[in-house]
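The values are calculated or read from the model by the stated rules, or taken from the named source; none is laboratory data. In this text, all values refer to a predicted model and were calculated from it rather than measured experimentally. Cβ atoms come from the backbone with ideal geometry, glycine included; neighbour counts cover every protein chain shown. SASA here: full protein model, heavy atoms, side chains in, ligands and nucleic acids out. Shrake-Rupley method; radii C 1.70, N 1.55, O 1.52, S 1.80 Å.
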Amino acid sequence: MVEPVLRASGIGKRFGGLLAVDNVNLDLHPREIHAVIGPNGAGKSTFLSTIAGDLPPTTGQVFFQGQEVTHLPVDKRTRLGIGRTYQRSAVIAGFTALDMVRLAMLHRVSSAFGMLSPLASNDAATRGAYEALARVGLSERAGITTDFMSHGEKRRLEIAAVLALDPKILLLDEPLAGLGPDESSAVVALIQSLKSHCAIMLIEHDIDAVFSVADRITVLDNGKAIASGTPDAVRNTPAVQQAYLGFGED
Amino acid sequence: MSTFFFFVQLLNAIQYALILYLVASGLTLLLGIMGVINLAHGAFYMVGAYIAFAVVQQFGNFWLTLPAGILIGLALGALIEKFLLSRLEGADHLSQVLLSFGLILLINEGQRLIFGNDPHGVEVPKILAASIPLSNTLSYPVYRLFVCAVGIVFIIAIGLIMAKSRIGMMLRASAENRDMARAMGIDVKFVYLGVTAVGIACTVLAGVIAAPLASVYPGMGDQVLIQSFVVIVLGGIGSLSGALVGSLLLGLVDAFGKQFFPNYAAFLVYAAMIAVLIVRPQGLVRSRGT
Amino acid sequence: MNARLEKFDGAFLLLLAVAAAFVPFVLSGYEIKLATTITIQAGLAVALGFVVGPAGLTSVGHAAFYGVAAYILAMMSPKSGPADMLLTAAIAIFGAAAFALVVGAVSIRSRGMYFILMTIAFGQLGYHLFNDTGIGGKSDGSYVQFRPELHLFWTDVSFDKAPRFYMLVYVVVFLVVGACWWLRRSAFGSVLLAARDNEARTRAFGFSPYVVRLIAFVISGGMAGAMGYLTAAQHGFVAPQMLAWHASAFALVMVLIGGKDTTSGPAIGAILLLLAEEILQRWTEHWLVGVGLIIVVAVIAAPRGLVPFVAGLFAPKQAHHG
Amino acid sequence: MRKTDLLITRRSALKAVGGAAATGLLVRAFPTPAIAQAAPLRIGFMLPYTGTYASLAKNIDGAFRQYVEEKGGKLGGRSLEYVMVDDQAEPSKATDNMNKLVDRDKVDVVVGTVHSGVQMAMVKIARESGKLMIIPNAGADDATRSACAPNIFRTSFSNWQPCFPVGKVMAEKGHKTAMTITWKYAAGEEDVRAFKEGFGAVGGSVIGELYVPFPEVEFQSFLTQIAEKKPDAVFAFFAGGGAVKFVKDYAAAGLKKSVPLYGPGFLTDGTLQAQGEAAEGLLTTLHYADDLDNPTDKKFREGFKKKFNADADVYAVQGYDSAALLGVGLEAVKGDMKAADAMYKAMGAAKIDSPRGPLSFSASHNPIQNIYLREVKNGKNTFVKIAHANLADPGTGCKMS
């Protein structure tokens, strides 16, 4: 069996008296899309945040390529190759699309000394940024300030920025939220195409989309993983049907 | 240092702490509930002291100064919220810092225009003018004990209001989440107006009560301001019980610091404040959301 | 910062630099000394603006770095002759930056209100250090008997005469303002802005907001120290008030009046505020009323500052480009 | 170059020339018109017109003008015009403010100031520029000791003067031990040093020195320390709001009855209204009292009252005498300030019939004057006796070139 690129074992997160995530295990293999689903408040985003480093887990460990990263800050994990998107506040206000993606390129293409020259004069960053924008279909909008972009554009821009990081794994936090059907299918296609570059952990509400792209699915309910496996296997788990799918397939 | 004088210093510390608490409580309301950094806090304290001076001079009755201070404080607070602070909603702390700095200059100069630069005294009201002998050299002025009593009553009253009353609930809700409070049907604007008015009135009242002790002179609010900040930071921003703990701590450091390391007393106070912020950034007492 | 504002900013800076270069040739006597004071304060305001603006750190303790450097010069100055400028300046600036590193390392962990209160506390700590403990001459302050001299290999340069000292100040402030301008436009500046406007996102781009802010804070603290050094050299006198929070707040006022989002803004704020003070003082002994009103009106009416305000006046009438 | 520890600079050789040379080209571009002998003399007041000391500034400034008016608006045949700069009692702005007067306003004489810290910065510039400076209040000892200069005169006091005699007064009352309390700053420390010198000379011993960080006014902890140590008497120096609060707190703590309080007169000058009952009976020493029975004082006080509708105080006397001293100098040279040496010589030798009594000057240009013991009675600092007649500051370290 292939060594997982990411392994989370026994992750728990407690907020005061509330146990938001309870002893969750999860593997992510290369070139795999592993989706995490569950009803509102199941602890999906919290779980993702502990893996990305935004929240320190109360219990458990996170391994990335065999190295323990449980207590590394987000920026260090990013530099190792963990990229993530956010549910909200995806873009940086006041920046043009191009600058935001350049910024994401920066730590890969620039020395400390390069930090002293303006973003625009960094050719490698500019080239990479245009490529990433092209992949999400935003080439035309490169010079636009993010404040003036539509919601769909912002989500795509965010994915472009994360791609510019050239991550080894990608943690996507509800990338389809708030998108119209056309935009949604474009993003789904994009996610599908990314699989060849990196492993993806996907948190998403849109069940249809999840079942169409995911290689494996883990279902969270009340912070606990109640099922995990291929889409078909998960679909047929009684506990999942009871807790979640029945409601989801209305 | 004999045991007896140790207890006298302890009394000094507690007494000073209660005055500090009176002064700092208004700032706690503004800082904790509204998130407003008010550098003009010391200036309002001075306003209170000058109100006491003016009223006693005009009418010769100290007790009139209390309602006068409260009314003027409420009015001042309401005006400042209505015409200045409310315009800053959504702005960052920088604007608050500067606005209140501007207010300091205006209030200080206003005081000079009206009252001039001489220091003034406010007579302790007759009924409280006595002293209680502690030793053959030292006695304790009854007025200081009166201020302590006011401080304690104030602590209990405000604690009850915050914990039990509907107003307290509204305040806590507004502090925690503006939008949520709005959704619950709380008129947040009105709450803010009320909090600013009450917060500034508290401060003005503290100035009124402290006037017979502190005397009345230009710039008297400067030290009070910074010490109030220390109290609040030590206790945890927005926590009234924390402010009490902070006051006691500062009172102790002040009284005993002056006894043992007079040159480093103030230095110790700020060092303590920084230490607390490093170890417990939320202050010594965990805020209950207010 | 949008492109138009950036252009305005550059134009203002150029204008200021050219105008300031003429000072020793057009002004004389007291006016040169006034111009020297204003130039130094402009440098301080620009340095402070760099952390208040891009780094989003409302420091109410910058006067402490300014004052510490001034005290270092005072304590290092011999009583019988001028100090070596390169040596004392290096130590003073390094000392201020080191103090800023300590203050920043502790304070930048907290945000918003707590950061402000932390910086006030550190500033007051510095004030009481010099005011209460007797280090550096107690509350009465202390003297720099001789203005430091620049020892070059072939000659010693004295700055006793006002025009030459002004030129020194001009060069130093030019460098400081230039550095701030450059840093704001650099990738480093962009990371700071990104961290200010979206901290989580910036972190997820592989940058530590804490570290970049701390770097900015230390650079700014060192620059403030350079200005404090110049002030001590100019006046030959240092006092604890140089470190107190009033001085910090006053520098913040300059930043705000001009506009924290530009490099030229704080400099223009400093010039306007100090000129207003100079004029009001001749006019009335209650000149502080005027200063207070200026501050209150500026906060309410032009919270983004004068430079963005003026740039806005020239904005094309249509809404947004995009 | 001389070796002293203060303020002597190579530039002092440049003196007044420095300003002109510094401006180089500009002086030629905008030549200053030659000042005709008849042009009014420019007096620059550098005083704290705002802030804690503003009332002192007002009285100094007012009484100076009062004297000039009494002389028909002229001194030594020259009419006067005034320039005022507010020094805000802010040492860090002192150099800027002094430069305003000397460089911008081109005054002939500087009169100032109140605050010792500001004063010493002014002394430095006065020494460098050679401008005549008359100090109407600040008592920093060094101004007429190690930093003395031919062009610097003081009409007020050195900190040493009003404090040295307190020891003798205490000894006469039978006190053998004393504690001192003051703000921790130069003036306070100089005062305490002078008091210790005087008290030691008559066999008294100081059993404790308390220093309150300036400008802190929370005294309760210190008062407790005094009560614990039980000295025979306390020597205190505070001024303004601090003096008001200290005297009131001292009385309220019951110490006034058990441990008598003494101090230099600043403890009760200009503050009695605010101190009220608490100050009654306090004994202080100063070079002035509210009821000195001499004709000059009577005339001065009436004139002041008429002009300002307020009672004169020691600060007003100092301002008044500053004008008188300038008058002596200008008279001697018929208004020609270029004859500086002759003018300073005449001023140094001046014998002034001051409201405070006879006033002359020591070699270091500090007043030789009576120090009076006063008692607070009915809100007035009333004359008790002369505590020390014709007291001169030792002037240690003054080398007048």
Legend entry - Subset of region A:122-137 that is of a type outside the set (A, V, I, L, M) and within 20 Å of A:Leu106 (Cα to Cα) - its residue that is surrounded by the fewest Cβ atoms within 10 Å (Cβ to Cβ): A:Asp123
Legend entry - Qualifying residue in region C:79-92 (condition: free of Cβ contacts under 8 Å to residues at least 12 places away in the same chain and away from every other protein chain (no Cβ under 14 Å)): yes
Legend entry - Qualifying residues in region A:97-118 (those that are touching a residue at least 24 places away in the same chain (Cβ under 8 Å) and of a type in the set (Gly, Ala, Ser)) - the one farthest from the other protein chains (Cβ to nearest Cβ): A:Ala97
Legend entry - Filter result (surrounded by 22 or more Cβ atoms within 10 Å (Cβ to Cβ) and either at positive phi or over 22 Å from the mean Cα position of the chain (by Cα) (or both)) within region A:97-121: A:Leu119
Legend entry - Unique residue being closer than 25 Å to A:Val188 by Cα and open to solvent by less than 30 Å² (accessible area, probe 1.4 Å) when the list is A:Val62, A:Val91, A:Val69, A:Val74: A:Val91
Legend entry - region D:238-266, residues that are within 21 Å of D:Lys380 (Cβ to Cβ), open to solvent by 10 Å² or more (accessible area, probe 1.4 Å) and touching a Pro at 6+ places or on another chain (Cβ under 7 Å): D:Gly240
Legend entry - Evaluation of D:Thr9 against (1) β-branched (Val, Ile, Thr); (2) farther than 30 Å from B:Met46 by Cβ; (3) at pLDDT below 90; (4) open to solvent by 10 Å² or more (accessible area, probe 1.4 Å) (one fails), failing number: (4)
Legend entry - Members of region D:252-311 found to be more than 14 Å from chain B (Cβ to nearest Cβ), in contact with a helix residue (DSSP H, G or I) (Cβ under 6 Å, 6 or more places away or on another chain) and of a type in the set (Val, Ile, Thr), listed by number: D:Thr284, D:Thr285
Inset, instruction - Among the numbered conditions (1) more than 23 Å from the chain's Cα centre (by Cα); (2) without any contact (Cβ under 8 Å) to a residue 40 or more places away in the chain; (3) outside any strand (DSSP E or B); (4) within 10 Å of chain B (Cβ to nearest Cβ), tell me where D:Gly203 comes up short. - result: (4)
Inset, instruction - Being in contact with a strand residue (DSSP E or B) (Cβ under 8 Å, 6 or more places away or on another chain) and surrounded by 24 or more Cβ atoms within 10 Å (Cβ to Cβ) is the filter here, so list the residues in region D:103-116 that pass it. - result: D:Val110, D:Val111, D:Gly112, D:Thr113, D:Val114
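Confirm whether C:Gly189 is within 26 Å of C:Pro266 (Cβ to Cβ), of a type in the set (Gly, Ala, Ser), more than 14 Å from chain A (Cβ to nearest Cβ) and in contact with a Leu (Cβ under 6 Å, 6 or more places away or on another chain). Break it down stepwise before answering.
Values: within 26 Å of C:Pro266 (Cβ to Cβ): yes; of a type in the set (Gly, Ala, Ser): yes; more than 14 Å from chain A (Cβ to nearest Cβ): no; in contact with a Leu (Cβ under 6 Å, 6 or more places away or on another chain): yes.
No.
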Legend entry - Conditions (1) open to solvent by 70 Å² or more (accessible area, probe 1.4 Å); (2) of a type in the set (Lys, Arg); (3) at pLDDT 95 or above: number failed by D:Lys399: (3)
Legend entry - Residue that is farthest from C:Ile40 (Cα to Cα) [pool: residues in region C:232-250 that are open to solvent by less than 10 Å² (accessible area, probe 1.4 Å) and facing chain D (nearest Cβ under 8 Å)]: C:Ala239
Inset, instruction - State which residue pairs qualify: first residue farther than 19 Å from D:Gln318 by Cβ and inside region D:278-297, second residue of a type in the set (Asp, Glu) and assigned to a loop (DSSP other than H, G, I, E, B) in any location, beta carbons under 7 Å apart, and separation of 6 or more residues or different chains. - result: none
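What do you reckon, is C:Ile279 more than 14 Å from chain B (Cβ to nearest Cβ) and free of Cβ contacts under 8 Å to residues at least 24 places away in the same chain?
Values: more than 14 Å from chain B (Cβ to nearest Cβ): yes; free of Cβ contacts under 8 Å to residues at least 24 places away in the same chain: yes.
Against the criterion (more than 14 Å from chain B (Cβ to nearest Cβ) and free of Cβ contacts under 8 Å to residues at least 24 places away in the same chain), C:Ile279 qualifies.
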Legend entry - Options B:Leu128, B:Leu160: the member that is more than 14 Å from chain C (Cβ to nearest Cβ), aliphatic (A, V, I, L, M), without any contact (Cβ under 8 Å) to a residue 60 or more places away in the chain and surrounded by fewer than 14 Cβ atoms within 10 Å (Cβ to Cβ): B:Leu160
Inset, instruction - Considering every residue within region B:91-98, establish whether at least one is within 13 Å of chain C (Cβ to nearest Cβ), acidic (Asp, Glu) and surrounded by fewer than 20 Cβ atoms within 10 Å (Cβ to Cβ). - result: yes
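Out of curiosity, is D:Ile352 free of Cβ contacts under 8 Å to residues at least 60 places away in the same chain and touching an Asp or Glu at 6+ places or on another chain (Cβ under 8 Å)? Full working, then the answer.
Details: free of Cβ contacts under 8 Å to residues at least 60 places away in the same chain: yes; touching an Asp or Glu at 6+ places or on another chain (Cβ under 8 Å): yes.
Yes.
Just checking, how many residues over region C:235-255 are more than 28 Å from D:Met84 (Cβ to Cβ) and touching a Gly at 6+ places or on another chain (Cβ under 6 Å)? Before the answer, list the steps.
Taking region C:235-255 and keeping what is more than 28 Å from D:Met84 (Cβ to Cβ), we get C:243, C:245, C:248, C:252, C:255.
Okay, now just the ones that are also touching a Gly at 6+ places or on another chain (Cβ under 6 Å), so C:243, C:245, C:248, C:255.
Total satisfying the criteria: 4.
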Legend entry - Unique match (being away from chain A (no Cβ under 13 Å) and either open to solvent by 10 Å² or more (accessible area, probe 1.4 Å) or in contact (Cβ under 8 Å) with a residue 60 or more places away in the chain (or both)) among C:Ala195, C:Ala179, C:Ala162: C:Ala162
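Being open to solvent by 50 Å² or more (accessible area, probe 1.4 Å) and more than 26 Å from A:Arg77 (Cβ to Cβ) is the filter here; which residues of region A:138-158 pass it?
Correct list: A:Ser139, A:Glu140, A:Arg141, A:Gly143, A:Asp147, A:Phe148, A:Ser150, A:His151.
Looking at the structure I just gave you, is B:Asn136 polar (S, T, N, Q) and under 27 Å from B:Leu31 (Cβ atoms)?
Values: polar (S, T, N, Q): yes; under 27 Å from B:Leu31 (Cβ atoms): no.
No: the conditions fail for B:Asn136.
Could you tell me whether any residue of region B:253-276 is away from chain D (no Cβ under 14 Å), farther than 21 Å from C:Gly61 by Cα and part of a loop (DSSP other than H, G, I, E, B)?
no
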Inset, instruction - Determine whether D:Asp341 is surrounded by fewer than 15 Cβ atoms within 10 Å (Cβ to Cβ), in contact with a helix residue (DSSP H, G or I) (Cβ under 6 Å, 6 or more places away or on another chain) and not assigned by TED's automatic domain parsing to the domain that holds D:His175. - result: no
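Could you list all residues from region B:34-44 that are in a helix (DSSP H, G or I), buried (at least 24 other Cβ atoms within 10 Å of the Cβ) and either within 14 Å of chain D (Cβ to nearest Cβ) or not small (Gly, Ala, Ser) (or both)? Quick ask: steps written out before the conclusion?
The first filter runs over region B:34-44 and keeps only residues in a helix (DSSP H, G or I), leaving B:34, B:41-44.
Add one more test, that the residue is buried (at least 24 other Cβ atoms within 10 Å of the Cβ), and what stays is B:41-44.
Within region B:34-44, B:His41, B:Gly42, B:Phe44 meet the criteria.
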Inset, instruction - Could you give me the residue pairs with C-beta distances under 6 Å whose first residue belongs to region D:208-221 and is within 7 Å of chain B (Cβ to nearest Cβ), whose second residue is modelled with pLDDT under 90 and open to solvent by less than 10 Å² (accessible area, probe 1.4 Å) wherever it lies, and which are 6+ apart or on separate chains? - result: D:Pro213/C:Asp132; D:Gln220/B:Asn12; D:Ser221/B:Asn12; D:Ser221/B:Ala255; D:Ser221/B:Lys258
Inset, instruction - Collect the residues in region B:182-209 that are open to solvent by less than 10 Å² (accessible area, probe 1.4 Å) and either modelled with pLDDT under 80 or not in a helix (DSSP H, G or I) (or both), keeping them in residue-number order. - result: none
